[in-house]
1. Do you know which of the residues in region 37-65 that are on the phi < 0 side of the Ramachandran plot and surrounded by fewer than 16 Cβ atoms within 10 Å (Cβ to Cβ) is nearest to the chain's Cα centre (by Cα)?
2. Go through (1) crowded, with 18+ Cβ neighbours inside 10 Å; (2) in a loop (DSSP other than H, G, I, E, B) and name the single condition GLY110 misses.
3. Select from region 140-166 the residues that are over 18 Å from GLU20 (Cβ atoms), part of a helix (DSSP H, G or I) and within 11 Å of the chain's Cα centre (by Cα) and list them in ascending order.
4. Look at GLU95 and say whether it is touching a helix residue (DSSP H, G or I) at 6+ places or on another chain (Cβ under 8 Å) and more than 16 Å from ALA145 (Cα to Cα).
5. Please find, among GLY33, GLY80, the residue that is of a type in the set (Gly, Ala, Ser) and part of a loop (DSSP other than H, G, I, E, B).
6. Return the total of residues in region 78-97 being surrounded by fewer than 17 Cβ atoms within 10 Å (Cβ to Cβ) and farther than 17 Å from LEU14 by Cβ.
7. Since HIS102 meets every condition but one in (1) out of contact with any Gly (no Cβ under 7 Å at 6 or more places or on another chain); (2) farther than 23 Å from GLU20 by Cα, which condition does it not meet?
8. Return the residue satisfying two criteria in turn: it lies in region 18-34 and is surrounded by fewer than 14 Cβ atoms within 10 Å (Cβ to Cβ) and charged (D, E, K, R), and of such residues it is modelled with the highest pLDDT.
Amino acid sequence: MTEDSAGDANVADLDVDADEFILRALDRHDVNGSKQVKWQAMAPAQTESISSVMRLRLLGPDAAKAEGIRIKGPKFVGFGRALASTYLRAAQSIEDSREEFHGHADLDHGFRRPPTGEPLLPGEPADPSDEYQVAVFHYRGIANALCYFEDATPAPTWAGADLAAACAKEGCADPCPHP
């Protein structure tokens, strides 16, 4: 099979389905003490509009962890996970970008991350004219919708909770079995 025909066999995988799980690799700085994903974990690099994510359906838990460790290094602690439809409530699109690696996708926020602005006081509303604060509100909305799946073990295979199982934020039984 040629490289071109091998790629053609996977054309059906290019579309990101609304009901597939999308992962964001996290390091210890991306999660707070309450095991909630911080907004900074979802923000792209300064002046960029795209955050890198992974498609669980194409990678599986072990390959996803291997990529997470490759991306985050020894600080890797797990994943933020949500359905594609959850991400798309705020983001513009999720596009397969397997040229990075099989299972990689680009989460396009629809705007470039602005330079750092002045931090808001707790409970202070964002001024709609302040691009930075509006961006933080956007990233925080996505981060707050993620379920944190922890696996800080040094093992090369996934040892955390079942990444393919549902959770409370996505129809799981109450109480959610995920930390």
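1. This residue is GLN40.
2. (1)
3. Within region 140-166, ALA143 is the sole residue that qualifies.
4. Spelling it out, it is not the case that GLU95 is touching a helix residue (DSSP H, G or I) at 6+ places or on another chain (Cβ under 8 Å) and more than 16 Å from ALA145 (Cα to Cα).
5. Being of a type in the set (Gly, Ala, Ser) and part of a loop (DSSP other than H, G, I, E, B) holds for just one of GLY33, GLY80, which is GLY33.
6. Residues that pass the stated criteria total 3.
7. Condition not satisfied by HIS102: (2).
8. Within region 18-34, the match that is modelled with the highest pLDDT is ARG28.
The values are calculated or read from the model by the stated rules, or taken from the named source; none is laboratory data. Keep in mind that this is a model prediction, so the values were computed, not measured. When we count neighbours, we look across all protein chains shown, and the Cβ atoms used for this are built from the backbone with ideal geometry, even at glycine.
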